[in-house]
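Nothing in this text is a laboratory measurement; each read-out follows from the coordinates by a stated rule. None of these values were measured; they are calculated from a predicted model. Virtual Cβ from ideal backbone geometry, glycine too; neighbours counted across all protein chains shown.
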Amino acid sequence: MPEIPYPLSTERLVLRRFSPEDLQAYYAYQSLPETARFLFNEARSLAECMERVGRFSRAEFSKQGDWASFVVERADQPGLIGEIALKWEEGGDAQHGFVGEIGWTLAPEGQGHGYATEAARAVLALAFNTLGFRRIQARLDAANDGSRKICERLGMSREATLRDNWYLKGEWSSEAVYSILLSEWQQPN
Ligand SMILES: CC(C)(COP(=O)(O)OP(=O)(O)OC[C@H]1O[C@@H](n2cnc3c(N)ncnc32)[C@H](O)[C@@H]1OP(=O)(O)O)[C@@H](O)C(=O)NCCC(=O)NCCS
């Protein structure tokens with residue numbers, strides 16, 4: 001697979017590699033219960049964030065199971081406001097295409113502007129046009145309306161609702177699985 005050509009640029013955003021200087025901004029939103037509400041993890045401690053930022057900064061995207069993590073920042077105002085993650089899943093190969101998973105999180109102050117959708121669209125473009133992916137999926141709590149709407153805006157199809165699939169934060173939650181294929185990405189809107 002080709003190397004990821006960090007940074008990516010969109011109309012309003014820059015998507016770059018993590019660096020150790022991102023720790024405080026990352027911790028500021030990862031430590032909030034509202035950020036973790038629909039996720040497996042609880043609000044993260046400073047030590048957890050330190051470990052993650054260090055790992056993301058050094059991460060390689062060279063084999064199945066690897067994650068690429070992109071810092072999302074505004075082009076006109078540097079500083080991390082969120083992240084996009086792309087996982088290289090098991091299943092495909094270089095000849096026939098790779099399969100992956102995408103995820104997104106924004107700090108509260110970054111929400112409500114379309115930044116997650118814009119950033120995710122750039123990562124999908126990279127995955128399909130440059131890296132050789134054939135399928136990208138997203139897995140989310142079916143009650144996570146913000147995340148569901150991103151999938152819909154990206155043109156992803158809902159292919160499953162796994163009922164009461166997670167016991168999460170004191171209650172049963174259902175999981176929604178969305179995906180988009182290379183052939184769908186290439187279709188003109
Ligand atoms: C999921 C999450 C990223 C969604 O954030 P978001 O800000 O709603 O998503 P976007 O950045 O794509 O912004 C879309 C919103 O901005 C609005 N918007 C405002 N100005 C806009 C503009 N210029 N362009 C596009 N959209 C704009 C859109 O109308 C939309 O609002 P709506 O959903 O009320 O219609 C966020 O809630 C989050 O980080 N949650 C915590 C972590 C999490 O659950 N992650 C998902 C795990 S699966």
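Observations on the structure shown:
- Cα gyration tensor category, rounded, prolate or oblate, for segment 73-146 with a/c compared to 1.5: oblate
- Each residue of segment 123-139 was assigned a 3J(HN,Hα) from its phi angle through the Karplus curve 6.51 cos²θ - 1.76 cosθ + 1.60 (θ = phi - 60°); the sequence is 6, 5, 4, 4, 4, 7, 7, 10, 8, x, 7, 10, 9, 10, 10, 10, 10 Hz, with glycine and proline shown as x.
- Mean-position separation - Cα centroids, segment 149-178 and segment 72-94, in angstrom: 20
- Cα gyration tensor category, rounded, prolate or oblate, for segment 35-92 with a/c compared to 1.5: oblate
- Cα gyration tensor shape of segment 8-186, rounded if a/c is under 1.5, else prolate or oblate by comparing a/b with b/c: rounded
- Taking each residue as 0.36 nm, the span from Ala143 to His96 lengthens on full extension beyond its C-alpha to C-alpha distance by 13.5 nm.
- The calculated 222 nm mean residue ellipticity attributable to helices in the chain amounts to -7000 deg cm²/dmol, summing -39500 (n - 2.57) over DSSP H runs of n ≥ 4 and dividing by all residues.
- Here segment 8-186 is assigned +1 on the Cβ of each Lys and Arg and -1 on the Cβ of each Asp and Glu. Its dipole about the Cα centre then comes out at about 200 debye.
- Approximating the spin labels as points 7 Å out from Cα along Cα→Cβ, the Asp66-to-Phe40 distance works out to 2.1 nm.
- Pairwise label distance in nanometres, Gln24 with Gln111, each label 7 Å out on the Cα-Cβ vector: 2.4
- Using the Cβ-Cβ distance between Leu32 and Gln187 with R0 = 45 Å, the FRET efficiency computed as 1/(1 + (r/R0)^6) comes to roughly 0.75.
- Taking Phe133, Phe98, Phe40 in turn, the Gaussian network model of the chain (Cα-Cα springs below 10 Å) assigns the largest fluctuation to Phe40.
- Farthest towards the positive end of the charge dipole of segment 51-145, among the residues Leu126, Gln64, Gln95, is the Cα of Gln95, using unit charges on the Cβ of Lys, Arg, Asp and Glu.
- For the pair Ala75 and Ala125, a Förster radius of 25 Å applied to the C-beta separation gives a FRET efficiency near 0.90, rounded to the nearest 0.05.
- Fluctuation leader among Tyr167, Tyr26, Tyr115 - the chain, Gaussian network, Cα springs under 10 angstrom: Tyr167
- Here the label points at Arg58 and Arg12, each 7 Å from Cα along the C-beta direction, are separated by 3.6 nm in the simple model.
- Of the residues Ala94, Ala36, Ala75, the one that moves most in a GNM of the chain with alpha-carbon contacts below 10 Å is Ala94.
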